[in-house]
Amino acid sequence: MEILLSRVFAGATSGSIYVLIALCLVIVFRSSSTINFAQGEFALFTTYVTWWMTERGIHVWLAIVPAILVGFLMGAAAERWLIRPVKKRDETAVLIVALALFTGLNGLDGWIWGSDDKVFPRMLPSGEGSYITIAGARLHYDSIAIIAIMFAVVGGLTLFFNRTSMGLQMRAVAANPESAALCGVRVGRVLTLSWGLSAALSAFAGALLIPLVPPGQLGLAGMFHVLIFATAAALLGGLDSVKGAVVGGLGLGIGLALVNGYVGFLGGSMSLTVALVVIVVILLVRPTGLFGARRLERV
Amino acid sequence: MSSPKVIVRDSAIHRALIGGGVVIGIALALWGSGLAPFEQGQITRVMIYSIAIAGLNVATGYAGLLSVGHSAFFGIGAYTTGILVVKHGWGAWATIPAAFGICLVVGLLVGLPALRIRGLYLAMVTLAFAVAFPEIVGRFENLTGGAGGMTIHRTSLRPPEWTGFSLGEKGAWLFWLSVIVLALTIYVTASLTRSRYGLAMSAVRENEIAASSSGVNIAIVKTATFGLSGAITGAAGALFAMYMGSLYAEGSFTLLAGITLLIGLVIGGERTILGPIIGGLVVVYVPYYTSDIGGGQASAVLFAAVLLLVIFVAPAGVAGAINKFVARFMVVRSAPPVSTPALTESPVSDQAPTQNERQMS
Amino acid sequence: MSTPLFTAENLVAGYGGATVLHDVSVTVDEHEVVVVLGANGAGKSTLLSVLAGQLPALQGSFTVDGKTVGQIRPDIMLQHGISLVPQGRGTLAPLSVLDNMRVGAISRSDRREVEADIDRWFSVFPRLAERRDQIAGTLSGGEQQMLAIARALMSRPRLLLCDEISLGLAPVIIQGLFETLREINAESGTALLLVEQNAQLALDIASRVYLLEVGHVTASGTAEQFRADDSIRAAYLGY
């Protein structure tokens, strides 16, 4: 029983990380109907910025603030200057722009800060004895923290979308940009803000998750796996659904933890392959995911 | 400005031009064969990547099936060669068709989801495929040497007796092998795209629904295209294994590698013959010449910058821009249809049809 | 003669390479109800798109209260008091009815007045009030049309443009809608510019009519004149 529970706890922890990045993907998809493949690299770049500041003696929770700002600006600028001009042309061009951002940002990270792994300060409580025991299984403080943070972010986003004017505008643009424009919504501005918000959130999530995800240090390949898991989670839940991202992320995290633990021959190191299978199956069987309403393409 | 001169396809002038191209190709190959080993090795590498990108061109360029996962095909081809040579004692060059065949099958399998999954979604699947590939390699450690990699001993790469190359000349042997495979690839892709199958690929790329209602069998086009595309890139992978002598999945067959192939294709020029070759040059020489800058990371930034430039300024890539420029002076068109003499006669016959004629029609 | 509320002069507009509107001019006075008649493809929707600032005109000018309007954009036209009920209703389907209404008022800053307006339009359209928290995409066609009208009215326009609101609706519903529009025009003084294919009901509430044929205004006059004209009756009124 305690093994099951500890696997669930581990899965919920990694799942919460997937939720955070999946939310970034959802925010962009809702407004632009496209998937930002460079999302992970936005997060990585800003995490390097955070690291760089901690190297200068700034406490990590303080350093994260300008990094979030940088993230916001990056996302907004990318939408305004790189994505929007090519979106009119065709969606393949958008994808290629995203790939250019992917490669370019990753290379920039290595160029500016070097390709060696960096030690990144932990933002959440950790260390000997920093856990509580439930039914024999250990639930670490940092797990509790990240799950709590995830729910707080979800709550905050939900409040933002449902209670604020800008949130309403984003929902309107996601539903029908032409109609929204006729009502006076400045669609371009909303799109730019959506991308900015998404990148800002990924900046926050990136700094949180680097110490928690193998290899536990800051390196150039740090976000590749998380991106795949987050994508699978977002697809599973429905690309335009916040609730879906939560269910998809937690479901995927816990599911993978259980599969790795109990299904022997997979050897615990086939998570990415499982994620790939999940992605393919969802796209074949139920492309809108569990809670999604819109498809990327209409047949 | 005068309008471009029209050259009829398959006319004497056209054939002369193609012949000229072939002569240039042969001349280049001969020049390359005379290079010192290091430079020759670089050219071989360019050819290998050109073949890999040409494979990608078939699926992504011509059929519009975007893939960032061709690094996996590259890897499968390479590991096929590695395993056959190291574990089963095959002659290295004989593994090329084997790599082709295995990647053909894998490509067909990967092409199956492409029937129901399109565009950005399909790209996502290939992305996941690319990231999962090193993991799969690591899983089958007994076969592939796992995460530690696989080494092919140089004596296993000895050129066969009948070629006249000694072990020390295996670089030259590989060079000529690559020339042959590249020439074959160019021939196959050129014929393919000019054929009815090529038209079907274009139709699927432009407008799937219209293609389907025109009678194009979407399923066959998509899966076969992916199969052939993967197979060509797999053949390149086999050559790559022979070139490197050692395989390390985390280094050569990752998502970044897959993205690099796509970048090479877009910069070089999709849907052109020259494009993959330019792509190969870019993919090999840009990192080479920028390896001192930024700890080797500058090439990625440069790729990104050039890619963005291409997308915004010259979406057809370098080869596309060249084609456009040449098209100002010279265009190749198919010959106009030959009119049937019967059609040009008066449609109304002088006499009323006889009883027999009426019954026959 | 008082200044017209809104004029559009010598409009030329189209899509891609095709010109749809050729030198079209319309005028709407305060509190007027103007109808634009025309067959399919005449350019009616294009005209409204241009008037709402959605589609840029290739040539032509606009005036509001006699003053020329410079930049043309939907939010700017809204500031001038011109609001469009688009063809097909443009429902923000995943949002609730209430949220749809709120979006209509997005350019306004007077919160309390916005809430008052919402209550007001809910009383004009009780069906919407009943469904205030329902997802708009699940509403019937007639209800979505009501919602589209209410949403457009939320910006307190002086001129409401309506693009074929009768499309796909049962005659009883259409009658109700036009009656409501007539009341709104009478009580709030909102001018109306209605575009319709089959215009029997529209003519009943109209004061002036334009006839648009293949992108040209071929006739204009009062509603009585149009009703009296035999050829127009035959072509557009069905009798």
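In the range A:176-204, the residues that are over 26 Å from C:Ser49 (Cβ atoms) reach residues that are of a type in the set (Lys, Arg) and surrounded by fewer than 23 Cβ atoms within 10 Å (Cβ to Cβ) with C-beta atoms within less than 9 angstrom, at least six apart or across chains, in these pairs: A:Trp195/A:Arg80.
The set of residues in the range C:202-238 that are surrounded by 15 or more Cβ atoms within 10 Å (Cβ to Cβ) and in a helix (DSSP H, G or I) comprises C:Ala202, C:Leu203, C:Asp204, C:Ile205, C:Ala223, C:Phe226, C:Arg227, C:Ile232, C:Arg233, C:Tyr236, C:Leu237.
Only residues that are farther than 20 Å from C:Tyr236 by Cα and either in a loop (DSSP other than H, G, I, E, B) or under 14 Å from the mean Cα position of the chain (by Cα) (or both): list them for the range C:178-191, please.
Residues of the range C:178-191 farther than 20 Å from C:Tyr236 by Cα: C:179-191.
C:Thr180, C:Leu181, C:Arg182, C:Ile184, C:Asn185, C:Gly189, C:Thr190, C:Ala191 - these are the residues of the range C:178-191 that are farther than 20 Å from C:Tyr236 by Cα and either in a loop (DSSP other than H, G, I, E, B) or under 14 Å from the mean Cα position of the chain (by Cα) (or both).
For first residues located in the range B:109-137 and more than 9 Å from every other protein chain (Cβ to nearest Cβ), partners that are outside any helix (DSSP H, G or I) and of a type in the set (Ser, Thr, Tyr) and lie 6+ apart or on another chain with Cβ distances below 6 Å form the pairs B:Thr126/B:Ser67.
So is A:Arg138 out of contact with any Leu (no Cβ under 7 Å at 6 or more places or on another chain), away from chain B (no Cβ under 14 Å) and surrounded by 15 or more Cβ atoms within 10 Å (Cβ to Cβ) or not? Yes; evaluated as a whole, the condition is true for this residue. Filtered by the rule that a residue be closer than 23 Å to A:Leu250 by Cβ and small (Gly, Ala, Ser), the range A:139-186 gives A:Ser143, A:Ala145, A:Ala148, A:Ala152, A:Gly155, A:Gly156. If you scan the range A:108-129, which residues turn out to be acidic (Asp, Glu) and more than 10 Å from every other protein chain (Cβ to nearest Cβ)? The answer is A:Asp117, A:Glu128. Residues in the range A:49-86 that are closer than 18 Å to A:Ser31 by Cα and either touching a strand residue (DSSP E or B) at 6+ places or on another chain (Cβ under 6 Å) or free of Cβ contacts under 8 Å to residues at least 60 places away in the same chain (or both): A:Ala77, A:Trp81, A:Leu82, A:Pro85, A:Val86. Within the range A:177-203, take every residue that is surrounded by fewer than 24 Cβ atoms within 10 Å (Cβ to Cβ) and not aliphatic (A, V, I, L, M) and give me the one that is nearest to the other protein chains (Cβ to nearest Cβ). Per the stated criteria, the residue is A:Gly184.
Within the range A:50-82, the set of residues being buried (at least 24 other Cβ atoms within 10 Å of the Cβ) and β-branched (Val, Ile, Thr) comprises A:Thr50, A:Ile64. Kindly check whether there is at least one residue in the range A:87-107 that is over 23 Å from the mean Cα position of the chain (by Cα), at the interface with another protein chain (Cβ under 10 Å from one of its Cβ atoms) and at pLDDT 90 or above. Within the range A:87-107, not a single residue is over 23 Å from the mean Cα position of the chain (by Cα), at the interface with another protein chain (Cβ under 10 Å from one of its Cβ atoms) and at pLDDT 90 or above. The single residue among B:Gly280, B:Gly294 that is closer than 27 Å to B:Ala319 by Cα and either modelled with pLDDT of 95 or more or surrounded by 17 or more Cβ atoms within 10 Å (Cβ to Cβ) (or both) turns out to be B:Gly280.
Residue-wise test of (1) touching a residue at least 60 places away in the same chain (Cβ under 8 Å); (2) away from every other protein chain (no Cβ under 13 Å); (3) hydroxyl-bearing (Ser, Thr, Tyr).
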| site | (1), (2), (3) |
| --- | --- |
| C:Ser61 | no, yes, yes |
| C:Gln71 | no, yes, no |
| C:Gly81 | yes, no, no |
| C:Thr91 | no, no, yes |
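Every condition in (1) within 14 Å of another protein chain (Cβ to nearest Cβ); (2) over 12 Å from A:Ala181 (Cβ atoms); (3) in a loop (DSSP other than H, G, I, E, B) holds for C:Gly53 except the one numbered (2). For the range B:174-206, filtered to residues that are farther than 20 Å from B:Ser67 by Cβ and free of Cβ contacts under 8 Å to residues at least 60 places away in the same chain, the residue that is farthest from the other protein chains (Cβ to nearest Cβ) is B:Ile180. Per the conditions (1) touching a residue at least 24 places away in the same chain (Cβ under 8 Å); (2) away from chain C (no Cβ under 14 Å), the sole criterion not satisfied by A:Val173 is (2).
With respect to the conditions (1) modelled with pLDDT under 95; (2) assigned to a helix (DSSP H, G or I), A:Gly184 falls short on a single one, namely (2).
The residues of the range A:87-115 that are without any contact (Cβ under 8 Å) to a residue 12 or more places away in the chain and among the acidic types (Asp, Glu) amount to a single one, A:Asp90. Considering the range A:125-135, and only residues there that are on the phi < 0 side of the Ramachandran plot and surrounded by fewer than 18 Cβ atoms within 10 Å (Cβ to Cβ), the residue that is modelled with the lowest pLDDT turns out to be A:Glu128. Exactly one residue out of B:Val110, B:Val131, B:Val86 is farther than 27 Å from B:Leu192 by Cβ, surrounded by 22 or more Cβ atoms within 10 Å (Cβ to Cβ) and of a type outside the set (S, T, N, Q), and it is B:Val131.
Determine whether A:Leu276 is assigned to a helix (DSSP H, G or I), over 22 Å from A:Ser33 (Cβ atoms), within 13 Å of another protein chain (Cβ to nearest Cβ) and of a type in the set (A, V, I, L, M). Yes, satisfied. With a requirement of 2 or more residues that are in contact with a Leu (Cβ under 9 Å, 6 or more places away or on another chain), the helices (runs of 4 or more DSSP H) lying completely within the range B:232-318 that satisfy it span B:255-268, B:274-289, B:298-313. The set of residues in the range C:98-119 that are touching a helix residue (DSSP H, G or I) at 6+ places or on another chain (Cβ under 9 Å), in a helix (DSSP H, G or I) and more than 8 Å from every other protein chain (Cβ to nearest Cβ) comprises C:Leu98, C:Asn100, C:Met101, C:Val114, C:Asp117, C:Ile118, C:Asp119. Filtering B:Leu167, B:Leu143 for residues that are of a type outside the set (Ser, Thr, Tyr), closer than 19 Å to A:Thr273 by Cβ and surrounded by fewer than 16 Cβ atoms within 10 Å (Cβ to Cβ) leaves a single hit, B:Leu143.
When the range A:207-234 is filtered for residues that are among the aliphatic types (A, V, I, L, M), within 13 Å of chain B (Cβ to nearest Cβ) and touching a residue at least 24 places away in the same chain (Cβ under 8 Å), the ones remaining, listed by number, are A:Leu220, A:Met223, A:Val226, A:Leu227, A:Ile228, A:Ala230, A:Ala232, A:Ala233, A:Ala234.
Restricting to the range A:210-225, name every residue that is buried (at least 24 other Cβ atoms within 10 Å of the Cβ) and under 12 Å from the mean Cα position of the chain (by Cα). If the condition is that a residue be buried (at least 24 other Cβ atoms within 10 Å of the Cβ) and under 12 Å from the mean Cα position of the chain (by Cα), then A:Met223 is the only one that fits.
The number of residues in the range A:216-235 that are hydrophobic (A, V, I, L, M, F, W, C) and in contact with a strand residue (DSSP E or B) (Cβ under 8 Å, 6 or more places away or on another chain) comes to 1.
The values are calculated or read from the model by the stated rules, or taken from the named source; none is laboratory data. It should be emphasised that the depicted structure is a prediction, and the values quoted were computed from it without experimental measurement. Please note: Cβ atoms are built from the backbone with ideal geometry, for glycine as well, and neighbour counts cover all protein chains shown.
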